[in-house]
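Q: Pasting a structure below so you can have a look.
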Amino acid sequence: MNYSDKFSHIVVYCGSNLGNTPAYRDAAYALGQAFAKHRITLVYGGGKVGLMGVLADSIMAHGGASIGVIPQFLKDKEVAHQGLSELITTCDMATRKLKMIELGKAFIALPGGIGTYEELFEVISLAQLRQHNKPIGVLNIDGFFDPLLKLLEQTAETDFMPASNMNLVCVANTIDDLLHQMANYQFVESQKWVKPKWLADDSDYIVPKFT
């Protein structure tokens, strides 16, 4: 399958550290190689360190294209990758995230820290609110995201989101499987707000609706 027909640009969220096992580094390198093979342009945070740097180095080494988006204060700290196809500088972190979302046709999360979680949850939340219908993927290397996926399950079980919203995220532990799932992803609308089952039937609780 020519994945670039499905998504020409994929945003990747990942750590600025390497983590405690070479498996994370190896996955970042392999993802860059896969993007180059399928002619998918990488959109990422523009850094040269950690998994971000490995990913960017890999796609460039294999003849692919990359766009980095980095806020000025991080660029000033000399953590920007200077070997990219394009480097976009933003005024702050919020603008950086919006620009990456604008450029991306799909999103993938690799292992990372708080910033990676923040970016991943932002695109999941936007999908839940029907602000986009782009595929979102999680590359679950060595079960890294198992606790996060369990948290989403608990969120659904406690009625803070519909269980169907678990389908907003494609999950796989191999790159080929993840790209295949994302290429076949179909957004399914769910009602975000529901009346709690424990409320009395005659309750005047108002359930907002999408129009």
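Q: Could you pull out every residue, at least 5 positions away or on a different chain, whose amide H is within less than 5 Å of the one on Gly47? Hs are placed 1.01 Å off N in the peptide plane, and Pro or chain starts have none.
A: His81
Q: Shifting gears a bit: Can you tell me the equivalent ellipsoid semi-axes for the range 135-211? Use √(5λ) from the Cα gyration tensor, largest first, whole Å. Spell out each step's value before the answer.
A: Values: eigenvalues 199, 49, 8 Å².
The equivalent ellipsoid of the range 135-211 has semi-axes of 32, 16, 6 Å.
Q: Still on this model: Taking only DSSP H segments of four or more residues, each worth -39500 (n - 2.57), what value at 222 nm results for the chain once the sum is divided by all its residues, to the nearest 500 deg cm²/dmol? Don't jump to the answer; show the numbers that get you there.
A: Working: 7 runs with 80 residues, N = 211.
Calculated at 222 nm, the ellipticity per residue is -11500 deg cm²/dmol.
Q: Treat every Asp and Glu Cβ in the range 1-150 as -1 and every Lys and Arg Cβ as +1, leave all other atoms uncharged, and give the resulting dipole magnitude about the Cα centre to the nearest 20 debye.
A: Using Cβ point charges on Lys, Arg, Asp and Glu, the range 1-150 gives about 300 debye.
Q: Something else about it: Quick one: which of Lys97/Lys195; Lys150/Lys192; Lys105/Lys192; Lys105/Lys195; Lys48/Lys97 span more than 26 angstrom between C-alpha atoms?
A: The answer is Lys97/Lys195; Lys105/Lys195.
Q: Using 0.36 nm per residue of separation minus the Cα-Cα distance, give me the extension gain between Val49 and Lys37 in nm, one decimal.
A: 2.0 nm
Q: What aspartates and glutamates could a cross-link reach from Lys75, if we take a straight Cα to Cα line under 15 Å and drop same-chain neighbours fewer than 8 places away?
A: Leaving aside aspartates and glutamates fewer than 8 places away in the same chain, those within reach of Lys75 are Glu86, Asp92.
Q: So, one more: Rounded to whole Å and sorted largest first, list the principal axis extents of the Cα atoms in the chain.
A: Here the Cα extents, ordered largest to smallest, are 64, 37, 35 Å.
Q: Also, I was wondering about something else. Residue separation times 0.36 nm, minus the C-alpha to C-alpha distance between His62 and Phe160: what's the value?
A: Full extension from His62 to Phe160 adds 30.9 nm.
Q: Could I ask something else about it? Sorted by accessible area with a 1.4 angstrom probe, largest first, how do Tyr117, Tyr205 fall?
A: Listed by decreasing accessible area, they come as Tyr205, Tyr117.
Q: Calculate one ³J(HN,Hα) per residue across the range 177-184 by plugging θ = phi - 60° into the Karplus curve 6.51 cos²θ - 1.76 cosθ + 1.60, and present them in order as whole Hz with x for glycine and proline.
A: 5, 5, 4, 5, 4, 5, 5, 9
Q: Would you mind telling me the antiparallel percentage of the DSSP bridges in the range 9-184, rounded to 5?
A: 5
Q: Just to confirm the filter: which GluC sites (Glu not before Pro) across the range 120-211 are DSSP coil and have at most 13 other Cβ within 10 angstrom of their Cβ?
A: In loop regions of the range 120-211 (DSSP not H, G, I, E or B), the sparsely surrounded GluC sites (Glu not before Pro) are Glu189.
Q: Can you bin the range 99-170 into rounded, prolate or oblate? Criterion: square roots of the alpha carbon gyration tensor eigenvalues sorted a ≥ b ≥ c, rounded for a/c under 1.5, prolate for a/b above b/c, oblate for the rest. Walk me through the numbers on the way to the answer.
A: On the way: a/c = 1.86, a/b = 1.12, b/c = 1.66.
Because a/c hits 1.5 or more and a/b fails to exceed b/c, the range 99-170 counts as oblate.
Q: While we're looking at this one, here's another question. Return the long-range amide H neighbours of Ala65 (sequence gap of 5 or more, or a different chain), with a cut-off of under 5 Å between placed amide H atoms.
A: Leu42
Q: Collect residues whose amide H, placed 1.01 Å from N in the peptide plane, falls under 5 Å from the amide H of Val138; neighbours closer than 5 in sequence don't count.
A: Ala109, Cys170, Val171, Ala172
The values are calculated or read from the model by the stated rules, or taken from the named source; none is laboratory data. Predicted, not measured: the structure shown is a model, and the values here were computed from it. Cβ atoms come from the backbone with ideal geometry, glycine included; neighbour counts cover every protein chain shown. Please note that ligands, DNA and RNA were not included when accessible areas were found on the heavy atoms of the full protein model with its side chains. Shrake-Rupley method; radii C 1.70, N 1.55, O 1.52, S 1.80 Å.
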